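In what follows, a single structure is set out as structure tokens and then discussed.
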Amino acid sequence: MSLGVHPNNVVSVKYCNYTSLVFTVSTSYIKVWDIRESAKCIRTLTSSGQVTLGEACSASSSRTVAIPSGESQINQIALNPTGTFLYAASGNAVRMWDLKRFQSTGKLTGHLGPVMCLTVDQISNGQDLIITGSKDHYIKMFDVTEGALGTVSPTHNFEPPHYDGIEALTIQGDNLFSGSRDNGIKKWDLAQKGLLQQVPNAHKDWVCALGLVPGHPVLLSGCRGGILKLWNVDTFVPVGEMRGHDSPINAICVNSTHVFTAADDRTVRIWKAHNLQDGQISDTGDLGEDIASN
């Protein structure tokens, strides 16, 4: 089964367990798919906050490179844990979407450069906690209460900033991990909002992707050079390293038994997790274009 055709590269995909909706991003569009019966596009959302029923950007056989006037590239999306809100990073801001009504409710603002990545957590009082990373080298935190409208400013800037743009963020409990174009990885305390540890030259190239292994104290990082590394999350001691791909690793997804890496070589590679504390994972093959598109 394939979720239709997009006007350009699909840069982000998210699934909501509660609603069985899938969200896919291409250029300035977010397509919302209902997969309960068949793969049907029920809404198209844009970076500027417009909503259209069904398909609004059906692609022809040729790619649409130009972004429409008034729109901007959407770099990443994230769902809150309950699946009621969608956050879309485009330009220097993050647009908030109320998924109960399919309406844009406002923006998270404050960055001086494009927001490249974001992650969403939920705190005890039901507030969404959004962490954003930007080309401006900064990581910012936003507290969003349900029903928040208009412009929302950050509640915290993480200091010191990275030396270059932020490419990846991931949360485990009270710890936040950030990967940057400065080749470094930082570990932050979300409760105290301070820097705990850092590895200035974790890779020899941009750190483009991060992932955490459930039930294991292991952080995975992938770089623009295609190298995959494993780190002990407590000590930041490297416990494993291998060539993951021959091109930039764009995303890492992890479950209790497998690691999935997505790269510019148009493959998703699957790795079997063995003794992760000792850095043991083995390649089980990859999902090439022919398999991934079925």
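Given R0 = 30 Å, the distance between the Cβ atoms of Ser153 and Leu195 translates into a calculated FRET efficiency of 0.85.
The share of accessible area on the chain that comes from carbon and sulfur is 48 percent, using a 1.4 angstrom probe.
Per residue, how many Å² of accessible area does segment 159-273 show with a 1.4 Å probe?
On the way: 4790 Å² over 115 residues.
Here the per-residue accessible area is 42 Å².
Placing +1 on the Cβ of every Lys and Arg and -1 on the Cβ of every Asp and Glu, with no other charges, gives the chain a dipole of roughly 440 debye about its Cα centre.
Here the sum of -39500 (n - 2.57) over DSSP H runs of 4 or more residues, divided by the residues of the chain, equals 0 deg cm²/dmol at 222 nm, to the nearest 500. Please say if segment 159-273 is rounded, prolate or oblate, where rounded means a/c under 1.5 for a ≥ b ≥ c the square roots of the C-alpha gyration tensor eigenvalues, and otherwise the choice is prolate for a/b larger than b/c and oblate otherwise? Cα axes put segment 159-273 in the oblate bin. When Rg and Dmax of the Cα atoms in Å is calculated for this entry, the matching label among (1) 18.6, 51; (2) 19.3, 63; (3) 20.3, 68 is (1). Could you name the aspartates and glutamates whose alpha carbon sits less than 19 Å from that of Lys107, not counting residues in the same chain fewer than 8 places away? By straight Cα distance, Lys107 reaches Glu71, Asp98, Asp121, Asp128, Asp136, Asp143, Glu146.
In whole angstrom, how far apart do the alpha carbon centroids of segment 77-112 and segment 190-225 sit? Cα centres, segment 77-112 to segment 190-225: 25 Å.
The values are calculated or read from the model by the stated rules, or taken from the named source; none is laboratory data. From a predicted model like this one, the values you see are computed outputs, not experimental measurements. Neighbour counts are summed over all protein chains in view; Cβ atoms, including those assigned to glycine, are modelled from backbone coordinates with ideal geometry. Remember, those area values only see protein heavy atoms, side chains included, never the ligands or the DNA or RNA. Shrake-Rupley method; radii C 1.70, N 1.55, O 1.52, S 1.80 Å.
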